[in-house]
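Here is the structure we will look at, set down as structure tokens.
The values are calculated or read from the model by the stated rules, or taken from the named source; none is laboratory data. This is a predicted model, so every value here is computed, not measured. Using ideal geometry, Cβ is built from the backbone for each residue, glycine included, and neighbour counts are taken over all protein chains shown.
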Amino acid sequence: MKVAGIVCEYNPFHNGHKYHIRKTRENGATHIVAVMSGNFVQRGDVAIMDKFERARIAVQNGVDLVIELPVPYVLSSAEGFSRAAMYIFNSLGCVDELSFGSECGDLEKLIEAAHATIKVADTPELKYMLDNGASFPAAVQELVEQNYGKAMSDLLEVSNANNILAIEYIKAISFLNSKIVPFTVKRKNAGHDDINVKENFASASFIRQNVTDINYSDLMPADSFKTLSEAVRTGKYASMANLEKAIMYSMRTTSPAKLREVPDVAQGLENRIFEARTASTVSEMMDMIKNKRYTLARIRRIILCSILGITTDDLKTPPVYARILAVNERGTDILHKAKEKSRIPMGTSLARLSEINAVAKRLAELESFSTDIYNLALGVPDPVGTDYRAKVSVVPNIKNSQNIPL
């Protein structure tokens, strides 16, 4: 039994994701567990479809078990996102390998780049650059180029988003002193935000941007295409545009003091955000806030954390539970093995997980509230309280759902 872990968003699940899973199996994985973003995603956006639907599709296409990454860690930096996901994998005690895609496809180069970024992040030069207005990613990339050459710094280009996450996964493995072994699959054809279709491969960004305009059936597995098409037809796909007024209301009624409590708000950014409340639209507000120090993705995450009530204190502890979203028969093998070794509780019931301790209660409340807000982003909104009532997705071929150790 070789268990591979995959950190994912599957927003939506497409042919490139299926290719990655197949390559992970070819590398010897008998079982695959995924830690997946819930109803919000790391780039600071809503997921196009409900997390339980995305988890079910993942299990129908090669993943065996899907665990949710709690929302405060999803809406974190690439480092925080990767470290929290790796913490869950490491805590399960049964994950042997971490499989991730990358534009580079060369594990040794990614490991070298990870070591380089660690070294330059602990230098006075970085602090000087940040103090003079550079963004953290840009400053790190420039210092890597100065000290290790352009070939290595090119791995950190914004367009190479999978490389950047891959490097953060490798750093997280090192930080946690984990025995999990990294493995990378070279991204096939379409890049992370590529606007072109190559063969039958397109980026998730391309599919999202064209979800109502083109026939994308050849870019996704049949069940994923059918589910997304039905969501579009019935108004059950989500868009940030549907949250426009809710976001503007929240930002107009907050204060600099409250904004200071939001993760990633520093160096007076709360005042810049507060002043931008005079904007008429979210897009105009973000344009008023952004500069070379603050990337749009960082601003989007800050705005979402603000309206969801996520604070810096919520990131002071790692995830305290593993919430199961979907599982198949092989997934129960993983759960049985994890039950013997896991250092964090596992379960399907958010209400039951919330009873573990005060941190779990806070995480569950944030998760439920974030889903209530997400439900407003749907074309046809869902009611409140759905996260506590939701049922785990169990694929039909499982022998007996009662075999799931909870």
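One table, with the values for the structure above:
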| item | result |
| --- | --- |
| Those residues of the range 236-253 which are under 15 Å from Met285 (Cβ atoms) and in a loop (DSSP other than H, G, I, E, B), in sequence order | Thr253 |
| Helices (runs of 4 or more DSSP H) fully within the range 320-386 counting 1 or more residues that are of a type in the set (Asp, Glu), within 17 Å of Leu308 (Cβ to Cβ) and in contact with a helix residue (DSSP H, G or I) (Cβ under 7 Å, 6 or more places away or on another chain) | 358-377 |
| Number of positions in the range 254-286 that are among the aliphatic types (A, V, I, L, M), surrounded by 15 or more Cβ atoms within 10 Å (Cβ to Cβ) and not in a loop (DSSP other than H, G, I, E, B) | 7 |
| Among the residues listed as Ser102, Ser82, the single one being touching a residue at least 12 places away in the same chain (Cβ under 8 Å) and either of a type in the set (Asp, Glu) or farther than 21 Å from Arg300 by Cβ (or both) | Ser102 |
| Test: Asp45 is under 21 Å from Pro137 (Cβ atoms) and acidic (Asp, Glu) | yes |
| Sole exception among (1) closer than 27 Å to Tyr19 by Cβ; (2) of a type in the set (Ser, Thr, Tyr); (3) surrounded by 18 or more Cβ atoms within 10 Å (Cβ to Cβ) for Ser153, by number | (1) |
| Qualifying residue in the range 364-382 (condition: buried (at least 20 other Cβ atoms within 10 Å of the Cβ), farther than 21 Å from Leu75 by Cβ, among the polar types (S, T, N, Q) and modelled with pLDDT of 95 or more) | no |
| Looking only at the range 333-347, and only at residues there that are of a type in the set (Gly, Ala, Ser) and within 9 Å of Leu92 (Cα to Cα), the one that is surrounded by the most Cβ atoms within 10 Å (Cβ to Cβ) | Ala338 |
| Members of the range 1-47 found to be surrounded by fewer than 24 Cβ atoms within 10 Å (Cβ to Cβ), in a loop (DSSP other than H, G, I, E, B) and hydroxyl-bearing (Ser, Thr, Tyr), listed by number | Thr30 |
| Of all residues in the range 110-158 being in contact (Cβ under 8 Å) with a residue 40 or more places away in the chain and among the hydroxyl-bearing types (Ser, Thr, Tyr), the one that is farthest from Ser99 (Cα to Cα) | Ser135 |
| Odd one out for Gln146 among (1) outside any helix (DSSP H, G or I); (2) surrounded by fewer than 17 Cβ atoms within 10 Å (Cβ to Cβ) | (1) |
| Check on Arg300, among the charged types (D, E, K, R) and either under 20 Å from Leu75 (Cα atoms) or not in a helix (DSSP H, G or I) (or both) | yes |
| Wholly enclosed helices (runs of 4 or more DSSP H) of the range 48-131 bearing at least 1 residues surrounded by fewer than 21 Cβ atoms within 10 Å (Cβ to Cβ) | 51-60, 78-92, 107-120, 124-131 |
| Pick from the range 206-234, criterion of a type in the set (S, T, N, Q), touching a residue at least 40 places away in the same chain (Cβ under 8 Å) and within 14 Å of Ile57 (Cβ to Cβ), ranking: surrounded by the fewest Cβ atoms within 10 Å (Cβ to Cβ) | Thr227 |
| Test: residue in the range 306-316 that is more than 17 Å from the chain's Cα centre (by Cα) and free of Cβ contacts under 8 Å to residues at least 24 places away in the same chain | yes |
| Selection from the range 155-187 of residues that are part of a helix (DSSP H, G or I), under 19 Å from the mean Cα position of the chain (by Cα) and hydroxyl-bearing (Ser, Thr, Tyr) | Tyr169 |
| Which listed residue, of Arg277, Arg298, is at pLDDT below 95 and in contact with an Asp or Glu (Cβ under 7 Å, 6 or more places away or on another chain) | Arg298 |
| Members of the range 277-289 that are over 13 Å from Lys245 (Cβ atoms) and under 27 Å from the mean Cα position of the chain (by Cα) | Ser283, Glu284, Met286, Asp287, Met288, Ile289 |
| Single residue of Glu168, Glu244 found to be at pLDDT 95 or above, of a type outside the set (Lys, Arg) and in the same structural domain as Ile21 (by TED's automatic domain parsing) | Glu168 |
